[in-house]
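First comes the structure, then the notes that go with it.
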Amino acid sequence: MKLQQFLEHHGVGKNPFAEEDAQTDPVFKEHCIAGTYHPSWDKIYGDPQEPATSVVFGEKGSGKTALRLQIAQHLAEHNRRSPLRRAFVIQYDDFNPFLDRFRDTLWGNRPPEKVLEQWMLWDHMDSILALGVTKLVDSVVQTSGVVQTSGVVQPSSDDLKPDVAKLSRHEARDLLLLSACYDQSTAEPFRVRWHRLRRALKFRTWKSWQPMLIGVVVTAVVCGLMASLGKWTWLESVWPYLIVAAGWMPWAWRFARRAWTARSISSNLRVLERNSGLLRKVLMRLTNDELLHQPLPNKQRTDDRFEMLNKFQGVLQTLGYPAIVVLVDRLDEPHLVNGSPDKMKALLWPMLDNKFLKHPGLGFKLLLPIELSYFVERESRDFYQRSRLDKQNVVPTLEWTGEALYDVANARMRACALPGKKPTLKDMFDESLGDRRLIDGIRGLRVPRHLFKFLYRVMSAHCNAHTDDAPVWRISAAEFESQLALYRREQDAFDRGVGAG
């Protein structure tokens, strides 16, 4: 008996339980993303116009990635409805590019534990600013439909091109500085992209040529005098050279200062690849007044990063983005972490700083593995004073009741229903099983991923036990109980770390 035959008999066009990862689940993305929610959805999502931080702990398969996709989808819809009060979304869910660069900047071949011990809050801030600035610059210059950041590809969620004509000259200068430090696009060469942004902003830099023009004019005057007076013997004295050197001194001094600034930025941006020579060339296009007292990420501290973040927010505010939402997910997947709870803690803990998490206009959605909740419970008073988790909308565990899982299964079946059909989960099982036993049975599966795996398995086992010539259209209570007991044993093995899950 074929599984598709069984599903079609119950009015289901395609298997609603074949996928286990929301990232690649077309049923969820096309049908359930706007109608199937976890009971804690309102607390996690909040108000996009007043973004707040939420800290969610959930075991594997509980729906953290689905939550991230839902939040991103709902924020995109909010942006379309409110073009003047949009939320700028940064998806901070691929740490590998930043960790790779970070490891390369450290001396020696250190093990992952030692590498992550050196990771600080400003490294997180640099990573988030890199993602945000690259996305914004990409939307301004519109090189493509995606944001390419150190190998990270993110779809653009905003259809509207920002109206950069609203930016003042100071805000345009801020965006150019942010781009010089943080833009990580690989779509085109760095200098080409920076100058495209400068032209899009209509930011004129002719004043930056003044020191070079002074040098050129002084050199021309000296050479002209020697030529007009025929005093070529002056070349044998030191004075013409001293005068020319004095004329070029302002440019040389500026060159040295820009080179030093570029080198310090490049060496202190530990999570980004930034060539100091190219950075120096774009900084040369800004005057001393435009760079005077401007914050730059040229030291290993958070103060400069907070000021850079404020400048980024100021630019976004003018462009119609009064709020920034950062979605943090897949913390256990980087190859330096490799699922280790201790390494996840080392990577995340610097971010748990109340000043950062409660920064005005900035909201974090931290979708974290459940293993980290055990570390939180054992932390000291100093940690709680610094993180103030009591103010961060903490969801201790992303639990699903049996009834909620039952509703999720029915929603997926309706999403895959044939025209005119309204299938339900209980229709596939024998009446002797009963609704209450069905719900009680799937309650022990705890999370949607285990629910989908189990339902796929029990349907497959049922179909394999019958022939096409003698089909049986309902799964018996005995088959349900036996497959549930078998799956529970495998689930326990997975929880102990000795099964594939």
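Only the coordinates and a few stated rules stand behind these numbers; no lab work does. Please read all numbers here as calculations on a predicted model, not as lab measurements. Here the Cβ positions follow ideal geometry from the backbone for every residue, glycine too, while neighbour counts run over all protein chains shown.
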Compute the projected area of the convex hull of the Cα atoms of the chain, averaged over all viewing directions, and report it in nm² to one decimal place.
31.2
Base-10 log of normalised Debye intensity for the range 153-232 (one unit scatterer per alpha-carbon) at q = 0.12, 0.17 Å⁻¹:
-0.56, -0.82
Ordering 101-109, 172-180 by per-residue average of other C-beta atoms within 10 angstrom, highest first, gives 172-180, 101-109
So what's the Cα pair-distance distribution over the range 383-501, bin width 10 Å, in %?
11, 36, 29, 14, 6, 3, 1
Would you give the gap between the C-alpha center of the range 439-499 and the C-alpha center of the range 196-224, rounded to a whole Å?
74
Can you give me the long-range amide H partners of GLN91? Hydrogens built in the peptide plane at 1.01 Å from N, cutoff under 5 Å, separation of 5 or more residues or another chain.
LEU327
Report the extension gain between ALA461 and LEU229 in nm, rounded to one decimal, defined as 0.36 nm multiplied by the number of residues separating them, less their alpha carbon distance.
73.1 nm
Helix 239-268 sits off the longest principal axis of the Cα atoms of the chain, rounded to the nearest 10 on a 0 to 90 degree scale, by 10
Going down the table (LYS135/LYS358; LYS29/LYS422; LYS29/LYS166; LYS14/LYS365; LYS60/LYS422; LYS135/LYS166), which pairs top 25 Å between alpha carbons?
LYS29/LYS166; LYS14/LYS365; LYS60/LYS422
Using a Förster distance of 45 Å, the FRET efficiency for SER432-HIS74 (Cβ separation, nearest 0.05)
0.60
Rg ratio (alpha-carbon, reference 2.2 N^0.38 Å) - the range 206-262:
1.34
Honestly the range 12-110 on the Cα gyration tensor test (a ≥ b ≥ c root eigenvalues; a/c under 1.5 rounded, otherwise a/b vs b/c for prolate or oblate) is just oblate
Could you order the peptides 361-371, 79-89 from most to least packed, using the average number of other C-beta atoms within 10 Å per residue?
361-371, 79-89
Rounded to 0.05, the calculated FRET efficiency for the beta carbons of GLN294 and ARG263 at R₀ = 25 Å is 0.90
Please report the relative contact order for the chain, taking Cα pairs under 8 Å with a sequence separation of at least 6, and give it as a percent rounded to a whole number.
29
How many nm separate the modelled label positions at ALA245 and ARG204, each set 7 Å beyond the Cα in the direction of the Cβ?
3.6
I'd like to know which of LEU235, THR287, TYR182 lies farthest towards the positive end of the charge dipole of the chain, counting +1 on Cβ of Lys and Arg and -1 on Cβ of Asp and Glu.
LEU235
Two-site label geometry, ALA187 and GLU481: point separation in nm, points 7 Å out along Cα→Cβ
6.1
